[in-house]
Amino acid sequence: MDTPLKSRPVHGPIPRLGARQMAAILGSLTIPGRPDKVSGARAFIAHTLAASGRGRRVDSEAATLLTSELVTNAILHTASGSPEGTVTIVVVDVPDGVLVEVTDDGSPGTPVVKGDLLAADGHGLYLVQQMAAQWGYLRDPAGTTVWFHLVAGPREG
């Protein structure tokens, strides 16, 4: 499946990597598409960012929240929520922060940011849109990958 790092057209600008800049996968996790597994996705993000040292420069609480929202959306609105469904989370270290990808098993619709801010639910993509530096999605026959990019703060020390 193409990712934002492969320069496929998506919503908004895509982090570009120069000749000397490299991206590295910090970790990936595939979970069953069940609501009780969302907490495992949150723990995975927090642990991955802390273990890699990226949690000191990237807002790990924002990464955890946004990942939780995307995993929940995948379970509720795609084939990932079926009895055999899965959701895959990938954390990518990019030169100016981290990129988190959440891949589901597909659905007939596309991810949509809801416009009704007074609704009781449905604000997951709105949060992603507001808190991430960039976000987008890629669809192919295998499913949909929704991604967000969080920019790192200044280096400590």
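The values are calculated or read from the model by the stated rules, or taken from the named source; none is laboratory data. Since the model is a prediction, treat every value here as computed from it, not as a measurement. Heads up, the Cβs are rebuilt from the backbone with ideal geometry, glycines too, and the neighbour counts pull from every protein chain shown.
Things worth noting here:
- Candidates are the residues of region 74-90 that are over 28 Å from residue 58 (Cα atoms) and polar (S, T, N, Q); the one that is surrounded by the fewest Cβ atoms within 10 Å (Cβ to Cβ) is 82.
- Residue satisfying all of: in region 59-96; among the β-branched types (Val, Ile, Thr) and in a helix (DSSP H, G or I); nearest to residue 147 (Cα to Cα) among these: 67
- Conditions (1) in a strand (DSSP E or B); (2) closer than 22 Å to residue 35 by Cβ: number failed by residue 107: (1)
- With respect to being more than 16 Å from residue 132 (Cβ to Cβ), in contact with a Ser or Thr (Cβ under 8 Å, 6 or more places away or on another chain) and at pLDDT 95 or above, residue 36 falls outside the description.
- Flag for residue 93 being surrounded by fewer than 22 Cβ atoms within 10 Å (Cβ to Cβ) and within 14 Å of residue 26 (Cβ to Cβ): yes
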